[in-house]
Structures are given as structure tokens and as C-alpha cells.
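Report on one structure; see the data block that follows.
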Amino acid sequence: FASAFASAAQFATNILNLRSSLGCDIIVDDVSYFNEGAFQDGPIAQAVNTVTANGALYLSSAANSGNLTHATSGTFEGDFVASAAPLPAVIAAVAGAGAQAHDFGGLPYTTLTTAGTRRVSLKWSDPLGGSGNDYDLYITNSTGSTILSSSTSTQSGTQDPYEFASQGSNYPANSRIYIVKYSGVVRALRLDTHRGQISNGTTGSTYGHNAAGSAVSVAAVDVATAGGGAFVGGATNPVENYSSDGPRKMFYQPNGTAITSGNVLFGTNGGTTLQKVDLAAGDCGTTTTPGFLEFCGTSAAAPTVAAIAALIKGANPTATSAQILATMKVSTLDIEAAGWDRDSGAGIVMVPSPLVFASTYTIGGSVSGLGAGKSVGLLNNGADPITRIANGSFTFPTPVASGASYLVTVGAQPAGQNCTVANGTGTATANVTNVSITCV
């Protein structure tokens, strides 16, 4: 066990030590830092990438910030669009004549529909430690006449693309949130009210290392929906209203290099899309730990999946993390939208019986015709994303179980090119190496 709370840097170090010093095969956490990168892996996500590359299985709670399907989203993601409406006088007096508000569907603000948060953050698609576009954040009363809080840090080329506004108590319902471009060019935006709800909510609630491509992001399903018995799947066992959803858009490599050079916007399909969340599990069970006699949240769901992974590992000591994950995915009960979905991933993980990992096969092939400096994002069965930046062979990181189907698709097209898939679907009875991606 290790703390995640001293600092983000210490959290990352502790993740590395759990694997390198203690040899942990399965690691789980339920922590988020507000300033983690949304469009680029920051230090914590990079630590997760390191331990998973070394063979560990890393699981993390998706967070409890709501989802669009259940009309509880407190997140907005989209490209900046200048509003035709003027800024309120109190903001204009601070921001200056050249500042522009983002247009939220005809209004220069979005509204907090509940009094459920005292924290609001803003991020945009510049690299971490390299933002030269200056965006600001303002929260006002319901009429826009009084600024309740604001965040107006300078971004001049060496700062994170991040603003964070907070106050000591929850913002009142109907408070307005303004995103203001003080200077610079159009960027993709991410507004997060951290368990609040807004009138212009979108998908993409889970972020940071919780949604890292190498991690397993876990959503929550109330055990009460099982009625004292076992989960049955389908509409009977939906995710919790507060469970965070995916997907997660990434515009930058961990080192700050753009995934799609010159294209860091949603509207032009820049970057790559990670199909998050990955799995779901029960929460609101009972424990004997004071303060957690009823343990709710994705904080409870993630260790439930970790426990199932540990059971499989205990019964099969030589099982790899990929084999354990494939076995859990075979055991899932489909819920929410049919097949994989952004709210529950593959579905609710059940304990497989017997506890023997499934025979698995890798899925891969080759890419041809990809232009220099371009990248293409690939998916298998709508998940397990990989990004190729050069022609040649590829293999998806997660094998599929013997007898399971596979479907390879293009998740993100390269700028100025169109890639098609041949031999991309079938049933896995051996390692697949003949999937062909052709770009023109």
C-alpha cells in the first residue's frame, strides 16, 4: 500500500515503486488530481504507462463526475467558438476589450444546474508546460452582474493549459460559467465542474491517469440493482448516475509532440480517441471499515475488479496481465448500450468459473501508404486503441479470447488521408497477422 496524497509527483513515484521495488502485479487506485492533463499523459499517467509496460495490470476508478447518458454531465468538451454576445461588464472590465467569450449554443456562458460543486477547471489543447494561448475562467451569479470567482493565470509559452477557480462553499444553482479567450488561437476546450452539472454537458467526464490508454478505467453499478442476488445485465443494472463516462480524446504524446501535427481540434478529428471506460463493477456494498460501512462510488468499483483480477492471478500464477484482462472481459455482462459503450465499457465484470484464464490470441497486421509525419488511430472491437505513426506491422496490446470475435476499425484518420481496413473481422482461433490498413 502507498499514499497518493502527498503530491502528484509522489503519487507517480509510489506507483513506480509498487512495481519495481515490491513487484506488485495488480495495482489499483481511486484518486484524481485536478491538474492532471486531459489531452496528454502527465506524470501520473506516465508512471501508469511504465508499470503496465513492465507487466503490471493497473486499474483506476473512472471518477464520480456524472455522465451524459443519465443527464448528469458536468463536463463540456468542444472547440472554442467566439460568441457574438458581449461579455458582461464586470468581466469585460477585467479581461479587456480584446477578450472573447466562448459560445455555448447561442449564449456566452453555460449554467450550473445544481448547487453541487465549489470547484471548476478549464483545460485546452496545448501541450503541458508549453501553452502560449491564454484562456481564462469566470464564475458569476445568475445574472452575470457579480463575479463569484475567477482564474486568470498567464499562459505565455511555458505554462500548463490550465485554469482552476474555486470558493469555500458550493456555487449556487444557476451560476454562470464563462470561458474567455484572452489571447491566442482557437483550441479544443475541456470544462469540468468536478461533480457539478451544467446545461451544456457533453461526454468525456473521465480524464487523466484514470483514463490512461494503458490503464483499466472502472465505472460503478449499484449492487442494489441486483436485488440481493447476482447481476443479470441489460437495463436492469445501469451504471450509477454519478459514474464518469468516456471517451477520452488525446492530442499529444507524453513528450508533448502532437499526435496529428497542426491539428489539435475536435471538429477536425485531431489526435486520437481512447475508448474509455473499460469495465464496470458493483459499488455500495458493505464493509467493516469505519466510515465506509456502505462503500459507494467508482472508488468501490475499481477495487472490486482488482479483487477479481487477483483471484484469477492467484489461480494462475503465470498468467500475464493481458490474459487476466481478456479473461475478465469474457466474463462481463453487457449493460447500457449494446456491446462496448462509453459508460460501462465491456460491461460488469463477473468472477469467471472456473478461475482459469482463457486461451488468447493477438490481433495485428500491417499499415501501408501512411504519409510522413501523419498518424492513424486503430481500434479492435471499439476499444484497445493504438496509434501508428509509420508504415509497418502492428499488434493490439490486448489479446482476445479463443473463439471470440474481432473487428478492426479506423478510430482516427490521418490528416488529408483516408485509411481502409481489409481482413479486419473474424473469429480468433490463432494469432491474427493479416489485417491490412491501406491509406491513400
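The values are calculated or read from the model by the stated rules, or taken from the named source; none is laboratory data. Computed from a predicted model, the values in this text were never measured in an experiment. Backbone-built Cβ (ideal geometry, glycine too); neighbour counts: all protein chains shown. The accessibility values were calculated without ligands, DNA or RNA, using every heavy atom of the protein model including side chains. Shrake-Rupley method; radii C 1.70, N 1.55, O 1.52, S 1.80 Å.
Some points to look at:
- Close contacts from segment 200-214, counting a first residue that is surrounded by fewer than 24 Cβ atoms within 10 Å (Cβ to Cβ) and a second that is of a type in the set (S, T, N, Q), with Cβ to Cβ under 7 Å and a gap of 6+ residues or different chains, come to Asn200/Thr110; Gly201/Ser73; Gly201/Thr75; Thr202/Ser73; Thr202/Thr75; Ser214/Asn49; Ser214/Thr52.
- Residue list for segment 283-299, restricted to those being open to solvent by 10 Å² or more (accessible area, probe 1.4 Å) and at negative phi: Gly285, Thr286, Thr287, Thr288, Thr289, Pro290, Phe292, Leu293, Glu294, Phe295, Cys296, Ser299
- The single condition from (1) farther than 18 Å from Ala38 by Cβ; (2) open to solvent by less than 20 Å² (accessible area, probe 1.4 Å); (3) not aliphatic (A, V, I, L, M) that Glu163 fails is (1).
- Candidates Gly426, Gly373, Gly403 - the one that is open to solvent by 60 Å² or more (accessible area, probe 1.4 Å) and either more than 27 Å from Ala211 (Cβ to Cβ) or outside any strand (DSSP E or B) (or both): Gly373
- Taken together, Val223, Val232, Val185 contain a single residue that is open to solvent by 40 Å² or more (accessible area, probe 1.4 Å) and without any contact (Cβ under 8 Å) to a residue 60 or more places away in the chain, which is Val185.
- Scanning segment 337-364 for residues that are in a strand (DSSP E or B), at pLDDT 90 or above and on the phi < 0 side of the Ramachandran plot turns up Asp341, Ile348, Ile363, Gly364.
- Asp79 modelled with pLDDT of 95 or more, open to solvent by 10 Å² or more (accessible area, probe 1.4 Å), among the charged types (D, E, K, R) and touching a strand residue (DSSP E or B) at 6+ places or on another chain (Cβ under 6 Å): yes
- Yes/no for Ser156 being among the hydroxyl-bearing types (Ser, Thr, Tyr) and in a loop (DSSP other than H, G, I, E, B): yes
- Residues in segment 188-208 that are assigned to a strand (DSSP E or B) and closer than 23 Å to Asp278 by Cα: Arg190, Leu191, Asp192.
- Residues of segment 235-264 that are farther than 16 Å from Ala71 by Cα, open to solvent by less than 10 Å² (accessible area, probe 1.4 Å) and either among the acidic types (Asp, Glu) or not in a loop (DSSP other than H, G, I, E, B) (or both): Arg248 alone.
- When Ala97 is tested against (1) modelled with pLDDT of 95 or more; (2) over 26 Å from the mean Cα position of the chain (by Cα); (3) open to solvent by 10 Å² or more (accessible area, probe 1.4 Å); (4) small (Gly, Ala, Ser), exactly one condition is not met: (1).
- Taken together, Ser153, Ser145, Ser169 contain a single residue that is modelled with pLDDT of 95 or more and touching a Phe, Trp or Tyr at 6+ places or on another chain (Cβ under 9 Å), which is Ser153.
- Scanning segment 104-127 for residues that are surrounded by 23 or more Cβ atoms within 10 Å (Cβ to Cβ) and assigned to a loop (DSSP other than H, G, I, E, B) gives Tyr109, Ser125, Asp126.
- Test: residue in segment 66-75 that is under 30 Å from Ala319 (Cβ atoms), in contact (Cβ under 8 Å) with a residue 40 or more places away in the chain and open to solvent by 20 Å² or more (accessible area, probe 1.4 Å): no
- For segment 1-58, a residue qualifies if it is of a type in the set (A, V, I, L, M) and open to solvent by 20 Å² or more (accessible area, probe 1.4 Å), and the qualifying residues are Ala2, Ala6, Ala8, Ala9, Leu16, Leu18, Leu22, Ile26, Val28, Ala53.
- Remark: pairs (first residue in segment 37-58, among the hydroxyl-bearing types (Ser, Thr, Tyr); second residue assigned to a loop (DSSP other than H, G, I, E, B) and surrounded by fewer than 23 Cβ atoms within 10 Å (Cβ to Cβ); Cβ separation under 7 Å; 6+ apart in sequence or on different chains) = Thr52/Ser214; Tyr58/Ser214.
- Inter-residue pairs, beta-carbon under 6 Å, first within 14 Å of Val28 (Cβ to Cβ) and in segment 280-309, second in a strand (DSSP E or B) and open to solvent by 50 Å² or more (accessible area, probe 1.4 Å), 6+ apart: Ala302/Val28; Pro303/Val28; Ala306/Val28
- A Cβ distance below 9 Å, combined with a sequence gap of six or more or placement on separate chains, defines the contacts here; from segment 394-420, residues that are without any contact (Cβ under 8 Å) to a residue 12 or more places away in the chain reach no residue that is part of a loop (DSSP other than H, G, I, E, B) and open to solvent by less than 20 Å² (accessible area, probe 1.4 Å).
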